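A.B. asks: Quick one: the structure is below, and I'll ask about it shortly.
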Amino acid sequence: MRRIWAICSKELQMYFFSPVAYVAFAFYVLLSSFFFYINFVNGQPPIVDARSVVGNTTFVYLFIIPLLTMRLIADEFRQGTDELLLTSPAGIGEIVMGKYLSAFIVQVGLVGISLIYPLIMSAFGTLDKPVMWLSYLSMFLLGCAMMAIGLFASSLSNNQMVAGISGFVILLMLWLLDWVSGGMTGKLKDYVGQFSLTSHLTNLQKGVLHGGDILFYITLTAVFLVLCIQVLERKRWR
């Protein structure tokens, strides 16, 4: 655990020194504030509902998470520090978990920043608290899974830009599966829709806590972390 935390601390410091991370954070705040203004301030809906904020903010994840994760491993390859890292006493699993933990903490920060919107909304009416918290849980779980996918994409290339584009393409494909499955029929529709990033948000954002939805995001996160470990293991023995 000490090695995981050491790697995590180093990555968190790198976030503070990375101009790309500042751009991603600024982009996130700007877009989420814009959607909040359009939907709540300008739209003036009849009821105070935090789900509109959550829905739009999770869409912003599609663009900023590849920016926030593309450096994590690709930069080690670019700087030539990958050999030093891969031959260090820390295991590949510890390296991946340390880097993912830093992304996880950033995700906690992103969710924390967006809590300001329901705080403002609460001054104009009563929020449905269970629905709001479960909606934010859906945002958190989705972001954690997307961070794992971005980390995996970062392990595929020594070029940050390529890693970022790869992460965006993988996320976009998984995001659109729900839409693609809408054009299908029968069991194929259900089967394809199960793998969509967004289809498991619906119940939580309705205020329904379903274990299968939570398990999906945890499993998706674990699968991409294992894939990331496998990619680095292959590179270690090459």
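A.B. asks: Among the complete DSSP H segments of the chain, which ones combine at least 30 Å of alpha-carbon extent along their axis with a mean Kyte-Doolittle hydropathy of 1.0 or more?
C.D. replies: What comes out of the filter, once short or polar helices are dropped, is 92-114, 129-154, 160-181, 211-236.
A.B. asks: Which percent of the accessible area of the chain is formed by carbon and sulfur heavy atoms (probe 1.4 angstrom)?
C.D. replies: Its accessible area is 70 percent carbon and sulfur atoms.
A.B. asks: Cα-based count: Lys pairs in the chain below 29 Å, eight or more positions apart or different chains?
C.D. replies: So the count works out to 6.
A.B. asks: Of 166, 67, 30, which is farthest along the charge dipole of the chain in the positive direction, counting Lys and Arg as +1 and Asp and Glu as -1 at C-beta?
C.D. replies: Positive-most Cα among the choices belongs to 166.
A.B. asks: Moving on to the next point. Solvent-accessible area of residue 116, probe 1.4 Å, all protein chains present, reported in Å² to the nearest ten, please.
C.D. replies: 80
A.B. asks: Please calculate how many Å² of accessible area the chain carries per residue, with a 1.4 Å probe and no DNA, RNA or ligand atoms counted.
C.D. replies: Normalised by residue count, the accessible surface of the chain is 51 Å².
A.B. asks: Sticking with this one: Relative contact order for the range 1-109: what percent, with Cα pairs under 8 Å and sequence separation of 6 or more?
C.D. replies: 49
A.B. asks: How much length is gained if the chain between residue 78 and residue 162 is pulled fully straight, taking 0.36 nm per residue apart and subtracting their Cα-Cα distance, in nm to one decimal?
C.D. replies: This chain segment gains 29.0 nm when fully extended.
A.B. asks: Between residue 226 and residue 190, what FRET efficiency comes out of the Förster formula 1/(1 + (r/R0)^6) with R0 = 25 Å and r the beta carbon distance, rounded to 0.05?
C.D. replies: The pair residue 190/residue 226 has a calculated efficiency of 0.45.
A.B. asks: Would you work out the relative contact order for the chain, in percent, from Cα pairs under 8 angstrom that are 6 or more residues apart?
C.D. replies: 25
A.B. asks: With an 8 Å cut-off on Cα pairs and a minimum separation of 6 or more residues, tell me the relative contact order of the range 116-238 in percent.
C.D. replies: Relative contact order for the range 116-238 comes out at 33 percent.
A.B. asks: Starting from a Cα-only point model with no solvent, please compute log10 I(q)/I(0) by Debye for the range 169-238 at q = 0.17, 0.24, 0.28 1/Å.
C.D. replies: Log10 of I(q)/I(0), two decimals: -0.73, -1.08, -1.20.
A.B. asks: Over 24 Å apart: what share of the alpha carbon pairs of the range 1-112 falls there, rounded to a whole percent?
C.D. replies: Cα-Cα pairs in the range 1-112 separated by more than 24 Å: 38 percent.
The values are calculated or read from the model by the stated rules, or taken from the named source; none is laboratory data. Bear in mind that the values here come from a model prediction, so they are computed numbers and not experimental data. All Cβ positions, glycine included, derive from the backbone under ideal geometry; neighbour counts span all protein chains shown. Heavy atoms of the whole protein, side chains included, go into the accessibility calculation; ligands, DNA and RNA do not. Shrake-Rupley method; radii C 1.70, N 1.55, O 1.52, S 1.80 Å.
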